[in-house]
1. Would it be correct to say that GLU244 is touching a residue at least 12 places away in the same chain (Cβ under 8 Å) and surrounded by 18 or more Cβ atoms within 10 Å (Cβ to Cβ)?
2. Just to be sure I understand, how many residues within the range 281-292 are surrounded by fewer than 19 Cβ atoms within 10 Å (Cβ to Cβ) and either β-branched (Val, Ile, Thr) or farther than 16 Å from LEU364 by Cβ (or both)?
3. Across the range 219-254, what is the number of residues that are in contact with a Cys (Cβ under 8 Å, 6 or more places away or on another chain) and assigned to a strand (DSSP E or B)?
4. Please find, among ARG282, ARG226, the residue that is out of contact with any Leu (no Cβ under 7 Å at 6 or more places or on another chain) and more than 30 Å from ALA170 (Cβ to Cβ).
5. List pairs: first in the range 315-328 and free of Cβ contacts under 8 Å to residues at least 60 places away in the same chain and farther than 14 Å from ALA347 by Cα, second aromatic (Phe, Trp, Tyr) and surrounded by fewer than 19 Cβ atoms within 10 Å (Cβ to Cβ), Cβ under 8 Å, 6+ apart or cross-chain?
6. Looking at the range 47-70, can you tell me whether even one residue there is part of a loop (DSSP other than H, G, I, E, B) and closer than 17 Å to THR256 by Cβ?
7. Pull up the range 12-63, narrow it to residues that are of a type in the set (Phe, Trp, Tyr) and surrounded by fewer than 21 Cβ atoms within 10 Å (Cβ to Cβ), then point me to the one that is nearest to the chain's Cα centre (by Cα).
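Just so you know, all these numbers are worked out from the coordinates, no wet-lab data involved. Just so it is clear, the model here is predicted, and its values are computed rather than measured. No Cβ is skipped: glycine too gets one built from the backbone with ideal geometry, and neighbour counts run over all protein chains shown.
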Amino acid sequence: MGRRTPLHDRHRAAGARMVDFAGWEMPLHYGSQIEEHHAVRRAAGVFDVSHMTVVDVTGEGAEAFLRRLLANDVARLAAEGQALYTCMLNERGGVLDDLIVYRAGPGWFRLVVNAATREKDLAWMRRHAGPHGVAVAERAELAMLAVQGPEARERTLPLLPPALRQAAAALAPFRAAHLGPDGWFVARTGYTGEDGFEAILSADEAGALWDGLLAAGVRPCGLGARDTLRLEAGLNLYGQDMDEDTTPLECGLGWTVAWEPAGRDFIGRAALERQRAAGPARVQVGLVLEARGVLRPGQTVRTPRGEGRVTSGGFGPTIGRSVALARVPAGTEGRVEVEIRGRALPARVVRPPFVRHGRIRIELEDESGRAAAAEGGER
């Protein structure tokens, strides 16, 4: 039996199909993955993401520690409540994990890392924390819900504690408000390409928030819709689009590396600088399939510059096409071919995201090759 979130019984009662994910029993869907996907794009959906690992780093040396540990620079977080997305690298520049870090208060940073990398992440952090005199504490007693979609914030705000409501309503993207280390922590972040909140709160309070959201018309959503939403949004999945043998420069995350100031010696910097100087041999691109079929991880991508590989792929319900993220030889553009069930099918290289805030962000073509939807067009 896998680990269970505080909402496990509610998922069962709602008819969720439960699957194992990183050792957790998690809902895949509640009947229709496609309908859950569209609910998030058009209105609001809620995900139980209590399997994610919340880590508090505290102490006078917390900032110095994280400036060494992470490829992005937490010194950029000038005010309490600000957040940034970053990678945690090994000495070779490979991605140990991707995460969000918040400056929560004086000497207090909150990190949210992936469930599948929990044990190695905590071990890595604690291994490097010693010289800085900081505490690295997993907050396993907390639950986490993600409410996403164009109507997510307005449906969530009435359910927040009154003491937090005004601050939460005023949050800009990648900002958080909270009621202390053990209280509610609400951030305007997400993993779907839509607006919304991610709320961290005690396990005892999570059920009431879940029930309130469903009563407010927010649709419960599972891991299946979460994956198609993040794929359309061009967001990486750890273990597929990046891993310990992949650097941020190879998986489309070079923008998360803070090269300045030059004197900040974060773990993996020397290896990344060598790769940046030489130019990465492989890079991440988006693909749109231009034939009938479905793009899946592991499929071979044939390009004029050599072979590549699909890292994430599937049907994009908002787009109505099969789309993918792929790692290919640097300089690949235009048309390529993907091997699907023994056939080489045509695909087009595009720049992700495919969809953001409910709008298609790439040009599509119909079967005659004519443009069917321009960038920014709705569908």
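1. Judged against the criteria, GLU244 is not a match.
2. 1
3. 1
4. Residue meeting the stated conditions: ARG282.
5. Sorted first by the residue in the range 315-328, then by its partner, the list stays empty.
6. No, the range 47-70 has no match at all.
7. Checking each candidate, the answer is PHE21.
Condition check ((1) under 19 Å from the mean Cα position of the chain (by Cα); (2) at positive phi; (3) in contact (Cβ under 8 Å) with a residue 40 or more places away in the chain) across all residues:
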{"site": "LEU70", "(1), (2), (3)": "yes, no, yes"}
{"site": "VAL74", "(1), (2), (3)": "yes, no, no"}
{"site": "LEU77", "(1), (2), (3)": "no, no, no"}
{"site": "LEU96", "(1), (2), (3)": "yes, no, yes"}
{"site": "GLY107", "(1), (2), (3)": "no, yes, yes"}
{"site": "VAL113", "(1), (2), (3)": "yes, no, yes"}
{"site": "THR117", "(1), (2), (3)": "yes, no, yes"}
